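The values are calculated or read from the model by the stated rules, or taken from the named source; none is laboratory data. Values in this document were obtained by computation on a predicted structure and should not be read as measured data. Positions of Cβ are generated from backbone atoms using ideal geometry, with glycine treated the same way; all protein chains shown enter the neighbour counts.
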Amino acid sequence: MARAPNKTPTFHRLFIANRGEVAVRVARACDDLGIAPVFAVSEADREAPWVAGRETVCLGPARAAQSYLDPVRVVAAARQSGCTALHPGWGFLSENPLLVSLCETHGITFVGPPAHVMHRMSKKTPAKRAMRAAGLHVIEGSDGVLADEAQARAVAERIGYPVLLKAESGGGGRGMRVARSSGEIASAYGEARSEARAAFGDDRVYMERLVEGGRHVEIQIIADRWGNVCHLGERDCTVQRNHQKLIEESPSPVLDDGERQRTLEAAVQAARSIGYVGAGTMEFLLDEQSGKLLRFMEMNCRLQVEHCVSEMRSSIDLVHEQIRVAAGHRLSFSQSDVALAGHAIECRINAEDPNNDFRPAPGTITKWHVPSDAGIRVDTHVTEGYTVPPHYDSLLCKLIAHGPDRNAAIDRMLAALAELICEGVPTTAAMHCTILASEAFRSHRYDTRTIPGWSAGKGS
């Protein structure tokens, strides 16, 4: 579905500081571009089927904190391998400013934004100020981190309840607490700080007005160091559970064309104004309480898991572009070249039991078959006989369906889910079928608070 790779010379060897589906995806781009990929692995992944026949460097024990999440070990391994570039993938250390700084110190090209941009955008309140200055609507809240509980209470009284306490260095739904009244401020503030400290080593929190009943929309941008910035449209990621995305699609089925175009243009300008380089995602809430405005939440300075739906609609390989941009080349296209066609949907298939509170289900996959029909893409690292380890994210594969319109894409995805076979561990596939077949999903009548058509006990 992507354009033929551009063979412009980039790097000879590239270190992939990630695992599983991510590593396979980045390695495929390296192969296309004539670059030798070197895989970072933990002791748990040394014999994984997706690294068979590939060059690897062991980072350390299975525990992520002692391997994939240790920037010092990662950069040391990259240097040991003789690689001149490092791709962090998505997840793990992909947005860690220390990793970027260490790469710069040791002369390794980081495939992503420079350290000063990563530092700025990794902190939520400076990021919001920069985006507001560039013309984006921002969710009302505190002007910076909260000094104490008293300030939290004062801000909440000013912007109105309910409010959301959020970790300054947060992500993934951690370090977040809701307060619906003055009586809940103390516990929400204390619990958000405690979780933020445990998850990110930073207990600073800020406050936003809680937008209830909103839609989660994000914009894919890509930029080079010459000031060229393009967007690849928006994605709707509203189908979530506890702030974890389940299904993503592009375009959003509910976004007004005028608000779409205004925000896409503002997002490009915002990225240019901060000197952004590489692929990034700006996340918004569609605030229907205030006139269906897209309000900026945060920027992810990396590719997202769901970048595939943007690739399917644009026929642009974002990982190719990331690598070329990191090597100093200009984007291979301009905004006028971006032609977004049809509709794309992605389902994340995890080794989890949705009927048991989505409990992760490590184990050995005894039978595995994925669809290969027209309009279907499967990104995975799984093969039959693979043992899903208990140490990491439970993602098995991403199914992406593309069709001429939304209904066609839904039908194509349902057919692909019916063909998918995974035996040995429970998965979320049946849940996705239930969601996609529901009238609520078809008519896009849902928000971030609900999973359309699904309740525990349906499917397996």
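Annotations
One line per residue, one yes/no per condition, for (1) among the acidic types (D, E); (2) under 30 Å from S334 (Cα atoms):
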position	(1), (2)
A127	no, yes
G135	no, yes
E140	yes, no
A154	no, no
G201	no, no
G233	no, yes
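- Inside the range 304-363, residues that are in contact with a helix residue (DSSP H, G or I) (Cβ under 7 Å, 6 or more places away or on another chain) and among the charged types (D, E, K, R) make up a count of 3.
- Across the range 85-115, the qualifying residues are those that are touching a strand residue (DSSP E or B) at 6+ places or on another chain (Cβ under 6 Å) and assigned to a loop (DSSP other than H, G, I, E, B), and the one among them that is surrounded by the fewest Cβ atoms within 10 Å (Cβ to Cβ) is I108.
- Verdict on D45 being at pLDDT 95 or above, among the acidic types (D, E), more than 22 Å from the chain's Cα centre (by Cα) and more than 28 Å from G363 (Cβ to Cβ): no
- Residue match in the range 344-355 (condition: within 30 Å of N228 (Cβ to Cβ) and among the hydrophobic types (A, V, I, L, M, F, W, C)): yes
- Matching option when the condition is over 23 Å from the mean Cα position of the chain (by Cα) and of a type outside the set (A, V, I, L, M), among H369, H320: H369
- Contact map, the range 92-121: first residue of a type in the set (S, T, Y), second residue at pLDDT below 95 and not in a loop (DSSP other than H, G, I, E, B), Cβ cut-off under 7 Å, separation 6 or more or different chains; pairs are S101/A115.
- Scope the range 421-438; condition out of contact with any Ser or Thr (no Cβ under 8 Å at 6 or more places or on another chain) and either more than 16 Å from P452 (Cβ to Cβ) or outside the structural domain of N355 (by TED's automatic domain parsing) (or both); matching residues: I421, C422, T427, A429
- Filtering the range 34-50 to residues that are part of a helix (DSSP H, G or I) and surrounded by fewer than 22 Cβ atoms within 10 Å (Cβ to Cβ) leaves E43, A44, P49, W50.
- Here W368 clears all of (1) assigned to a strand (DSSP E or B); (2) crowded, with 23+ Cβ neighbours inside 10 Å; (3) not acidic (D, E) except the condition numbered (2).
- Of A127, A196, A188, A154, all but one fail to be at negative phi, of a type outside the set (D, E), touching a Ser or Thr at 6+ places or on another chain (Cβ under 8 Å) and part of a helix (DSSP H, G or I); the exception is A196.
- Subset of the range 404-455 that is acidic (D, E) and without any contact (Cβ under 8 Å) to a residue 24 or more places away in the chain - its residue that is farthest from T364 (Cα to Cα): E439
- In this entry, D357 passes the filter for residues that are out of contact with any Leu (no Cβ under 9 Å at 6 or more places or on another chain), at positive phi, assigned by TED's automatic domain parsing to the domain that holds V254 and at pLDDT below 95.
- Criterion: at pLDDT 95 or above, among the polar types (S, T, N, Q) and part of a loop (DSSP other than H, G, I, E, B) - qualifying residue of S310, S336, S332: S332
- Residues considered: A179, A199, A167, A130. Of these, the only one that is more than 30 Å from V277 (Cα to Cα) and among the small types (G, A, S) is A179.
- Residues that are closer than 15 Å to P49 by Cβ and not in a loop (DSSP other than H, G, I, E, B), drawn from the range 349-365: T364
- Where strands (runs of 3 or more DSSP E) fall wholly inside the range 203-306, the ranges with 1 or more residues that are within 18 Å of L136 (Cβ to Cβ) and over 12 Å from the mean Cα position of the chain (by Cα) are 205-209, 215-223, 229-241, 278-287, 293-300.
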